[in-house]
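The values are calculated or read from the model by the stated rules, or taken from the named source; none is laboratory data. Bear in mind that the values here come from a model prediction, so they are computed numbers and not experimental data. Cβ placement follows ideal geometry from the backbone for every residue including glycine, while neighbour counts extend to all protein chains displayed. Remember, those area values only see protein heavy atoms, side chains included, never the ligands or the DNA or RNA. Shrake-Rupley method; radii C 1.70, N 1.55, O 1.52, S 1.80 Å.
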Amino acid sequence: LAKDVILGTFADAPMPNVPCTREDGSMNMVSAGGEECGTAPIWVLPFRTIQSVYDRDHDDAWVAALYPHLEAFVQWWLDNRTDEEGRFFWNNSWESGQDGSKRFLIEEGEEGKEAEYVQTADVEAAMADAMRVLANLAVPAGRLERAGHWTAMAERRVESTRAMYVDGWYRDFDARTGKPIILPDYMDV
């Protein structure tokens, strides 16, 4: 049943980023700028959970059906949520699942305000993990040629995440200044 739900979630999504929708199909997470937002890669679903489900029964046919959707999800994030430096960002705090968090340098009530200048360590790390899972599942999905690609991409994300380690803590960065976001009344992730 879990495999059916996971595959259906990706296969039936109106866009590769698996947008948040209401029961009537309308989008329920739209930024202040009007962009339809989707499922955060840090929400365990999809990649860590998918790897765990696959590890239980090694259903290669399921992975083969799911794999193109997983690649499309990651590629959407690469195409739509990386900045000029190649770092990932969230469109706004809603998209991260951390509605209204101070880490997005927004005021209370501005949860949907675009925050593309905030580079967060968690999305970098989550995408590194997603790319590793794509590399792991490439063979059972019948996509051996993709394993090396995703392994190399994952390593770049791991290094990007490590570069965000400042003063003994993983820090979010303000891309406008190139400096870590350190707030006196808020501990970074």
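What to note about this one:
- Rounded to the nearest 500, the 222 nm mean residue ellipticity of the chain from helices alone is -14000 deg cm²/dmol, with -39,500 (n - 2.57) taken per DSSP H run of at least 4 residues.
- Ala11/Asp174 FRET efficiency (R0 41 Å; Cβ-Cβ; nearest 0.05): 0.65
- When each of the peptides 150-160, 94-104, 19-29 is scored by the mean number of other C-beta atoms lying within 10 Å of its residues, the order from highest to lowest reads 94-104, 150-160, 19-29.
- Relative packing of peptides 80-91, 171-182, 114-125 - highest average C-beta neighbours within 10 Å first: 114-125, 80-91, 171-182
- In segment 54-115, the convex hull through the Cα atoms has an average projected area of 6.0 nm², a quarter of its surface area.
- Selected from Phe73, Ser96, Pro140, residue furthest toward positive end of dipole (the chain; charges at beta carbon): Pro140
- Furthest towards positive pole of dipole, Thr9, Gly38, Ala125, structure part segment 1-157, Cβ charges: Ala125
- Taking Cα centre as origin and charging only the Cβ of basic (Lys, Arg, +1) and acidic (Asp, Glu, -1) residues, the dipole magnitude of the chain rounds to 580 debye.
- The mean sequence separation of alpha-carbon pairs under 8 Å and at least six residues apart, normalised by the residue count of segment 16-154, gives a relative contact order of 26 percent.
- With protein chains left intact and a 1.4 Å probe, residues in the chain average 49 Å² of accessible area per residue.
- Per-pair calculated FRET efficiency, R0 = 30 Å: Asp185 and His149 via Cβ, rounded to 0.05: 0.10
- Fraction of accessible area attributable to carbon and sulfur, the chain (%, probe 1.4 Å): 51
- Each residue was assigned an accessible area with a 1.4 Å probe, and for Leu105 the value is about 60 Å².
- Gyration tensor verdict on segment 1-87 (Cα atoms; rounded if a/c is under 1.5, prolate if a/b is larger than b/c, oblate otherwise): oblate
- Rounded if a/c under 1.5, otherwise prolate or oblate - the chain, Cα gyration tensor axes: oblate
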